[in-house]
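One structure below.
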Amino acid sequence: MDLLQNYDEELDENPNSSPDSSPPRLLPSKSAAPKVDDTTLALAMAQTNQTLSRPIDPVQHAVAFNPTYDQLWAPVYGPAHPYAKDGLAQGMRNHKLGFVEDAAIDSFVFDEQYNTFHKYGYAADPSASEGNNYVGDLDALRENKGISVYNIPQRDQKKRKIEKKNEAKEEDGEDGDAPMDSTEELSNPATDVWLTKNRKSPWAGKKEGLPTELTEEQKKYAEEYAKKKEEKNGERAEKGEAVVDKTTFHGKEEKDYQGRSWIAPPKDAKATNDHCYIPKRLVHTWSGHTKGVSAIRFFPKHGHLILSAGMDTKVKIWDVFNSGKCMRTYMGHSKAVRDISFCNDGSKFLTAGYDKNIKYWDTETGQVISTFSTGKIPYVVKLNPDDDKQNILLAGMSDKKIVQWDMNTGQITQEYDQHLGAVNTITFVDNNRRFVTSSDDKSLRVWEFGIPVVIKYISEPHMHSMPSISLHPNSNWLAAQSLDNQILIYSTRERFQLNKKKRFAGHIVAGYACQVNFSPDGRFVMSGDGEGKCWFWDWKSCKVFRTLRCHDGVCIGAEWHPLEQSKVATCGWDGLIKYW
């Protein structure tokens, strides 16, 4: 009924409307796309924009977004809160005047403002707001139109130059008109007149002081200083450490009943040596050195005596054939002896020590004939093997040079300085016209004797340092102890080529300058090693022939007796010399 009543009311309100016509309906528009809530997206975008513009806090340990390069390397701007627990201040005074803030200001800008403030009384304030950008004297700021010391107008610059010139002229005029009584002031350096007259720029050269007489005390001091300087220069000329040379003879008598010297070789020593054999057992041990033995050398041609260089600063010579005792000790070095070398007849020998001295000794008497030094450590000493050049000494030094002395005059006659490291060996080849040197620079260099120009330079990437080189008895080959635990063979002909077919290995020598040597007939190669063994190889087959357990520690030196076919001497860092 209610519905009918409503219908009647509607008809009364619209008398023109027919019941047949229906009211128009507007359908709502529909989108095919699903409805998305874009609030989250808008917030995310806003946050991204905010992070891109937001500086990174320097004390935070993790960055939650991917910052740009500019953000990462932006300087720290703005004041740090003195009470914030950010690791910087935490309310503590960080300067004697209070709390100092970090600010990113270019050094040039700082200098400009600092100097401007000291000159004009105002400067730009880096931390001020835009309304008040300057501190200091604002009146001066308006007068100078805000210029700094580094941008003075050109007219002002010219003005300053003219003012300076006028000042200089006035000073000269004043000096010209100066009365006679100011001459005393001019001559007195303590007065302002003297200072203005003698004013010079710091680059005008040294000022000549007024000539004054020295007092007696000053003269005395000057003489003492001159004497000290002379003494110092004299010591520098010596260069090596000065040691009193001493010698001790340990034998029964220096001459026998026939008047022959104790160094004279026995007449019955046979000089024929057709065939060499490898030693099998220990014959004798010489012990007298308190520290390791660094080198041994048999007496040339006969081998009835053996010379040893010790790390206890002493050089000793031992009897081989008869008593087997120490015959003489030579004491002339203050540090360990590095190398020794006999002259051709054995009557004299050279020693090189870590005290930077090279000494030339008389074998029989133990007297030092001469001493040589350059102020550097000699690592190897050699005399020219020619009989007519026995006065020429070559020494390989720690400063990469090979120095040549004439022992008659004591003068350095030549210096060979092409090596790039300390020189380790000197070996004469080609009838003593040339010599080969090895060095810590891992190269071999061949020199013409007397000419400091390298005629052959051998250096390969695979090469190691070669601290010991020995010449084959037939003079055609060089055996070089390489620190990669092998012995390499080089030809002594024109090209100095490496013989790749001959290579002796098996021993451990890395880090030690173990001596390599040949048997007098050239059939065997011999070397000590870092484990105290002595190794023998066959020259033809390159195979290991025998190893002898010789020393505790390093077996540094090994020499074949020049006459006896199967006898070998070895020395080691245990202080012993052994005869096999």
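The values are calculated or read from the model by the stated rules, or taken from the named source; none is laboratory data. Just so it is clear, the structure is predicted and the values come from calculations on it, not from any experiment. Note that each Cβ is placed from the backbone with ideal geometry, even for glycine, and that neighbours are counted across all protein chains shown. All accessible areas refer to the heavy atoms of the entire protein, side chains included, with ligands and DNA or RNA removed. Shrake-Rupley method; radii C 1.70, N 1.55, O 1.52, S 1.80 Å.
Here are a few things to note about the model shown:
- For the condition open to solvent by less than 50 Å² (accessible area, probe 1.4 Å), out of contact with any helix residue (DSSP H, G or I) (no Cβ under 8 Å at 6 or more places or on another chain) and of a type in the set (Asp, Glu), Asp552 does not qualify.
- Within region 248-265, the set of residues being assigned to a strand (DSSP E or B) and without any contact (Cβ under 8 Å) to a residue 24 or more places away in the chain comprises Lys255 only.
- Residue, modelled with the lowest pLDDT, within region 73-130, restricted to residues that are exposed (fewer than 11 other Cβ atoms within 10 Å of the Cβ) and charged (D, E, K, R): Lys85
- For region 521-532, the tally of residues that are surrounded by fewer than 19 Cβ atoms within 10 Å (Cβ to Cβ) and within 21 Å of His275 (Cβ to Cβ) stands at 3.
- Among strands (runs of 3 or more DSSP E) entirely within region 452-517, having at least 1 residues that are touching an Asp or Glu at 6+ places or on another chain (Cβ under 9 Å) singles out 454-458, 498-505.
- The condition (being of a type in the set (Ser, Thr, Tyr), open to solvent by 50 Å² or more (accessible area, probe 1.4 Å), touching a strand residue (DSSP E or B) at 6+ places or on another chain (Cβ under 9 Å) and over 28 Å from Phe518 (Cβ atoms)) is satisfied by just one residue among Thr409, Thr413: Thr413.
- Within region 417-443, the residues that satisfy the criterion of being under 22 Å from the mean Cα position of the chain (by Cα) and either open to solvent by less than 20 Å² (accessible area, probe 1.4 Å) or of a type in the set (D, E, K, R) (or both) are Asp417, His419, Gly421, Ala422, Val423, Asn424, Ser438, Ser439, Asp440, Asp441, Lys442, Ser443.
- Residue selection: Phe545 satisfies the criterion of being among the hydrophobic types (A, V, I, L, M, F, W, C), assigned to a strand (DSSP E or B), touching a residue at least 24 places away in the same chain (Cβ under 8 Å) and open to solvent by 10 Å² or more (accessible area, probe 1.4 Å).
- Residues considered: Lys389, Lys348, Lys376. Of these, the only one that is closer than 30 Å to Arg493 by Cβ and either open to solvent by 10 Å² or more (accessible area, probe 1.4 Å) or in contact with a helix residue (DSSP H, G or I) (Cβ under 9 Å, 6 or more places away or on another chain) (or both) is Lys389.
- Those residues of region 555-571 which are within 38 Å of the chain's Cα centre (by Cα) and either at positive phi or surrounded by fewer than 23 Cβ atoms within 10 Å (Cβ to Cβ) (or both), in sequence order: Glu559
- Strands (runs of 3 or more DSSP E) contained entirely in region 282-395, each with at least 1 residues that are closer than 22 Å to His250 by Cα and either under 30 Å from the mean Cα position of the chain (by Cα) or in contact (Cβ under 8 Å) with a residue 60 or more places away in the chain (or both): 284-287, 293-298, 305-310, 314-319, 326-331, 337-342, 348-353, 358-362, 368-372
- Considering (1) within 25 Å of the chain's Cα centre (by Cα); (2) open to solvent by less than 10 Å² (accessible area, probe 1.4 Å), the lone condition that Asp399 does not fulfil carries the number (2).
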